[in-house]
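Peer 1: Dropping the structure in here first, questions after.
The values are calculated or read from the model by the stated rules, or taken from the named source; none is laboratory data. Note that the coordinates shown come from a computational prediction; the quantities given were computed from them, not determined experimentally. Here Cβ is always computed from backbone atoms with ideal geometry, including for glycine, and neighbour counts include all displayed protein chains.
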Amino acid sequence: MSSRRRFLRQGLASLAGLGLTSAFGNLRVLAAAANQYVFPVGDYKALVCVFLNGGNDSFNSIVPYSSTAYADYRSSRTVLIGSGGLAFDQATLAANALTPLAASGGLPGGLPSDGASYGTHPALAELRALFNDGKAAIIANVGTLLHPTSQAAYQAGSVAVPPQLFSHSDQTTYWQTSRPDDANANGWGGRIADRLHSANSGAIPMCISLSNNNLFQRGDTVDAYGVSPGGVEKMSYLGDGPESWVLPPNAAGVAAWNALLEADTQQHVFERAYAGRMRSTVANYEIVDAALGNAPPLSTAFPDTPLGNQLRMAAQLIQVRGALGMARQVFYASVGNYDTHSYQVDDQHANLTQLSQALAAFHAATVELGIDDAVTTFTASDFGRSLAVNGDGTDHGWGGHHFVVGGAVRGRRFYGAMPSLRANANPDDTGYGQIIPTTALDQYAATLAAWLGVSASDIADIFPALSRFESPNLRFLG
Amino acid sequence: MIRRRWIRVVGGVLLACATSATAQSHRPDAMLRQGFEAADAGPDTDAAAARFLGQATFGPNAEDIAHLRAVGYRAWLDEQFAQPVSTQIPYLDWVNGIPGNNVTDDTRLEAWTINALGTPDPSRGMAAPTDQLRQRMAFALSEIFVVSSKNGTLLYQPWALASWYDMLAANAFGNYRDLLEDVTLHPAMGIYLSHIQNQKADPTRNIRPDENYAREVMQLFSVGLVTLAADGTPVLVGGQPQPTYDQATVRGLAAVLTGWNWNNAGCGPGSYTCCTASTYTNCGPNNDYDRPVWRLPMQPIEAYHDTTSAKQLLVYPGVALPAGVLAPGGNAQAELGAALDNLFHHPNVGPFIARRLIQRFVTSNPTPAYVARVAAAFADNGSGVRGDLAATLRAILLDPEARYGQWFDAARFGKLREPLIRNTHLWRAMHALAPSARIVTLTPYPGIEDWYGQGPLRSPSVFNFFRPDFRAHGEVAALGLASPEFQILSDSIGVSTTNRLFSVSFCWYRTGTSYDGSCWADNFGGERTLHLEIAADATLAASDPAALLDRYNLLFLSGQMSPSMRATLLTRLEAITGTNRGRLRLQHALYLILNSPEYVVQK
């Protein structure tokens, strides 16, 4: 036993030593940066990622209705919904119009770059209202890129593009890491948290997932804590959990549990990982549960949907940010069923209804808490979808439009270029109906990171490809 | 001695982990040649038998351990290969025949529970299923070839999903090529990955063949994304992995898969619209409940099949199609056969499927040499047949690394046990039964997948509950290790899994046919809830808790419990006194073991 213990200590020490030059390559950098970020008391900001799993058909979410662009749209989406196809009629889109502000202060304005008037999918009523109220912006044609990529360069293969375009798992990974050049990269939310978490006085992680384990929030030193939308559930065996009453007082049981999970006593890598996860889960839920227990209920009503419930919990956690000792946070919510190869008309209507209602309720809750200027919500998705159709659905694409919502958003504007939706001889697609992104994910993400307070030099470290693109900051947040 | 030498080796590997993949792959072989040649000759101990059954079944019990010791590994496998297939469809039909009963997706999980546990099946005259290995293989296949009731259509088609699972069970020891065709043509997959009613390109409506199934069958079910060596490691050119296929291949295969529609058996007036060229997108059973057509393979409608384009398929050394291109003109069935052959003969399939199956049964990080040995069995079962899944499974379970890996790589060999299999293990080891033959313990509210992060055919996406290369945060990721099951060990699932096992351990128990319980039972007064058999263990625990721990060390930890864990548990059990101490001691022992680091990592 004693030799095994010694091995463990030596092994871990060796591992850490190794890490400084390879596996934990950033430890030294992080240690140097650890105390760099200090924010004044009360200076709080949160980013909220809403990931639309499956790849939203954003070209049927934000759709032109002015005649030339609408005709292009109808060349791809040839059949109207009423006739069994996917296309909205022109009048429906006009009735759901987006009304952008005029250009001012160097910000883009008026009609987007293609000169077309746009409306939204009717299911996006609440989100459209937020846009027209200046609380939401549209970031056009965002996607994973390694370099600026023209149609000619793509077709000639003369510029490197992210591996496995059009594959869910790969493109989701790259959306979450923004590192198509590194298959083992951490998430960009996690890399932000690696820098900023020392600004928090509280013990729980800076990143909180209201959904599944995700790559987006994983950093070198920081991992996410997961809170279920229904609230904290405690361990029955440790008391205060479901059916805990079955047992008489269980102090000896708790002692045994703690002994089995004690740090650095396990021989196997996976045993240590399991024990570490269970220990941190309990430690974190005790803190979160205590903080939530003292909070008054929110008066904002949330829809009882998967996303509504996730964002309700996010709002409740933001409400108790002081008790949790949080100055900066990154939240992650996600919702599925966006991979609409078939049944797109029904499924997308349901999906966007859920999205729109949940985002609007969440924004209203931040207004109720008086913190809407400090909370920015943004959408992300595997990819956009193809202009070509599969009968009653669409296939995997590449670039797509996204929404940013919050009091800090320079809203009611389109940022970036809206692509042509033409079926044939489209100047903006790959040649097969997938739109080539004209705004890099790195630009979108770096703008969000800068707003959160990450320094320009750290942004350059987090997004190494950013300098290849024209604007490191898209200015949609002020 | 062996162990100590090994530990030193591990230390060296840790230091050199970034560059030692090659050396690592040869290390077990070198040690094996020094004394572990006859890996398939055992088991020599009850512990070895329990360990094997932990890999090959839904959990060992005392009887199975004794039987395996008596017959040996090879005979046990032959017995299991010969057992009749336990299916789910008859159970759904049986429930449907009881007045006032609805068949739902939960009914399917009742059938799954019976087959996984081997409890008496009322739809088969109370005969108990005996095909543990086949059922475990079907479960493994269901996590590779994924369809799910999280799909809005399949949620309401329990017969379709039961039929899917039965299809996996039927093919479990068959040939991968047959499995691949059955997977491709099952309507549950047609719905799930949307290639049913797939149509050839129609430029006037900007319609292109749906690429969904074409992409995933290559990425997830057969060859994977990158070219693999025979040992499953990526082939690097200039330091870069090589894509197995590109977008042209996806389009080519998508075009092959055009024209498939519902089977017309049973269609017509009074039933559902037959599929023809004129009804192509308006035929089939829609969402009608319990149409037999949901269990029948799809059939082609040639008018919607692409007969005009040349289809790029996979290119690899020795590919039968010239340059991997399928010339135009074939009918849907002929082109499907050619395309599936093109997939089947790709050299990646053996190492790709081998690694996935090894991860389901044995270890998350098999050495390349282990993968290569299993892939070789896939390539040739010894009789010149490629794709023999029984031979593949035999190679997985009897490999020296499977049998002795815990001694070669004590700090890394093995896998995190899946929560569902932790639960079935507990029930099987403790001879759990319900008063009724129907069992609803895997259908709580909310669904079992919300407690365990997984439920049979309830994956959130085609990428399964967890991905084969998921790396847990921290040391696991730093070492570059795969740890698939850690993907569902989120903070909330970690708590809910543990709490569900708390219920299973503490709430319901029996002494023979005398059923008892401490918690709120199911909606049927506990009639359909599994109860642990406690009589003998409670008597033992009351007088000799150390002996109880020895028994559970064998049943749950294959004799691998550390002295410190044993001391911790013994202290806990000895502190329990009073008249119910026997039962309480065994319940605490079960709960603490089932959730302990040493147990949750199957080694």
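Peer 1: Of all residues in the stretch B:98-124 being at pLDDT 95 or above, out of contact with any Leu (no Cβ under 7 Å at 6 or more places or on another chain) and part of a loop (DSSP other than H, G, I, E, B), which is surrounded by the fewest Cβ atoms within 10 Å (Cβ to Cβ)?
Peer 2: Out of the qualifying residues, it is B:PRO99.
Peer 1: Oh, and also: Would you kindly identify the helices (runs of 4 or more DSSP H) lying entirely within the stretch B:136-219 that contain at least 1 residues that are in contact (Cβ under 8 Å) with a residue 60 or more places away in the chain and more than 21 Å from B:ASN348 (Cβ to Cβ)?
Peer 2: Hits in the stretch B:136-219: B:158-171, B:176-185, B:187-192.
Peer 1: Residue check: is A:THR394 farther than 16 Å from A:GLY143 by Cα and either buried (at least 21 other Cβ atoms within 10 Å of the Cβ) or within 14 Å of another protein chain (Cβ to nearest Cβ) (or both)?
Peer 2: Spelling it out, A:THR394 is indeed farther than 16 Å from A:GLY143 by Cα and either buried (at least 21 other Cβ atoms within 10 Å of the Cβ) or within 14 Å of another protein chain (Cβ to nearest Cβ) (or both).
Peer 1: Still on this structure, please answer the following. For residues that are facing chain A (nearest Cβ under 9 Å) and either outside any helix (DSSP H, G or I) or free of Cβ contacts under 8 Å to residues at least 24 places away in the same chain (or both), scanning just the stretch B:593-603, find the one that is nearest to B:ALA56 (Cα to Cα).
Peer 2: B:LYS603
Peer 1: Could you tell me whether the stretch B:455-465 includes any residue that is more than 23 Å from the chain's Cα centre (by Cα) and over 17 Å from B:ARG356 (Cα atoms)?
Peer 2: So far as the stretch B:455-465 goes, no, none of its residues is more than 23 Å from the chain's Cα centre (by Cα) and over 17 Å from B:ARG356 (Cα atoms).
Peer 1: Just wondering, is there one or more residues in the stretch B:234-246 that are closer than 21 Å to B:ALA332 by Cβ and either without any contact (Cβ under 8 Å) to a residue 40 or more places away in the chain or surrounded by fewer than 14 Cβ atoms within 10 Å (Cβ to Cβ) (or both)?
Peer 2: Among the residues of the stretch B:234-246, not one is closer than 21 Å to B:ALA332 by Cβ and either without any contact (Cβ under 8 Å) to a residue 40 or more places away in the chain or surrounded by fewer than 14 Cβ atoms within 10 Å (Cβ to Cβ) (or both), which makes the answer no.
Peer 1: Among the residues of the stretch B:361-377, write down those that are part of a helix (DSSP H, G or I) and either surrounded by fewer than 24 Cβ atoms within 10 Å (Cβ to Cβ) or over 20 Å from the mean Cα position of the chain (by Cα) (or both).
Peer 2: Those that are part of a helix (DSSP H, G or I) and either surrounded by fewer than 24 Cβ atoms within 10 Å (Cβ to Cβ) or over 20 Å from the mean Cα position of the chain (by Cα) (or both): B:PHE361, B:PRO368, B:ALA369, B:ALA372, B:ARG373, B:ALA376, B:ALA377.
Peer 1: All but one of (1) in contact with a strand residue (DSSP E or B) (Cβ under 7 Å, 6 or more places away or on another chain); (2) of a type in the set (A, V, I, L, M, F, W, C); (3) without any contact (Cβ under 8 Å) to a residue 24 or more places away in the chain hold for A:TRP451; which doesn't?
Peer 2: (3)
Peer 1: The conditions are (1) more than 9 Å from chain A (Cβ to nearest Cβ); (2) free of Cβ contacts under 8 Å to residues at least 60 places away in the same chain, and B:PRO419 fails exactly one of them. Which is it?
Peer 2: Result: B:PRO419 passes all but (2).
Peer 1: Looking at (1) away from chain A (no Cβ under 14 Å); (2) free of Cβ contacts under 8 Å to residues at least 12 places away in the same chain, find the lone condition where B:LEU548 falls short.
Peer 2: Failed condition: (2).
Peer 1: Of everything in the stretch B:491-533, what is in contact with a Leu (Cβ under 6 Å, 6 or more places away or on another chain) and either more than 18 Å from B:THR443 (Cα to Cα) or in a strand (DSSP E or B) (or both)? Give them in sequence order.
Peer 2: Listed by number, the list holds a single entry, B:TYR509.
Peer 1: Okay, moving on. Of all residues in the stretch B:128-158, which are of a type in the set (Val, Ile, Thr) and under 28 Å from B:THR392 (Cβ atoms)?
Peer 2: Those that are of a type in the set (Val, Ile, Thr) and under 28 Å from B:THR392 (Cβ atoms): B:THR130, B:ILE144, B:VAL146, B:VAL147.
Peer 1: Looking at the stretch A:244-294, which of its residues are within 29 Å of the chain's Cα centre (by Cα) and at the interface with another protein chain (Cβ under 9 Å from one of its Cβ atoms)?
Peer 2: A:PHE270, A:ALA273, A:TYR274, A:ALA275, A:GLY276, A:ARG277, A:MET278, A:SER280, A:THR281, A:VAL282, A:ASN284, A:TYR285
Peer 1: Only one of these conditions is not met by A:PHE302: (1) away from every other protein chain (no Cβ under 14 Å); (2) assigned to a helix (DSSP H, G or I); (3) touching a Phe, Trp or Tyr at 6+ places or on another chain (Cβ under 8 Å). Which number is it?
Peer 2: Unmet for A:PHE302, out of (1) away from every other protein chain (no Cβ under 14 Å); (2) assigned to a helix (DSSP H, G or I); (3) touching a Phe, Trp or Tyr at 6+ places or on another chain (Cβ under 8 Å): (2).
Here's the yes/no breakdown for (1) under 28 Å from the mean Cα position of the chain (by Cα); (2) over 22 Å from B:PRO187 (Cβ atoms); (3) away from chain A (no Cβ under 14 Å):
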| residue | (1), (2), (3) |
| --- | --- |
| B:MET218 | yes, no, no |
| B:GLY224 | yes, yes, no |
| B:ALA229 | yes, yes, yes |
| B:GLY238 | no, yes, no |
| B:VAL250 | yes, yes, no |
| B:ASN261 | no, no, no |
| B:ALA265 | no, no, yes |
| B:SER271 | no, no, yes |
| B:THR279 | no, no, no |
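Peer 1: Going by the conditions given, is A:ALA314 touching a Phe, Trp or Tyr at 6+ places or on another chain (Cβ under 6 Å) and surrounded by 24 or more Cβ atoms within 10 Å (Cβ to Cβ)?
Peer 2: Yes; evaluated as a whole, the condition is true for this residue.
Peer 1: If you scan the stretch B:472-490, which residues turn out to be among the aliphatic types (A, V, I, L, M), more than 7 Å from chain A (Cβ to nearest Cβ) and assigned to a helix (DSSP H, G or I)?
Peer 2: B:ALA477, B:ILE488
Peer 1: I'm told B:TYR445 meets every condition in (1) over 30 Å from B:LEU193 (Cβ atoms); (2) surrounded by fewer than 24 Cβ atoms within 10 Å (Cβ to Cβ) except one. Can you identify the failing condition by its number?
Peer 2: The failed condition is (1).
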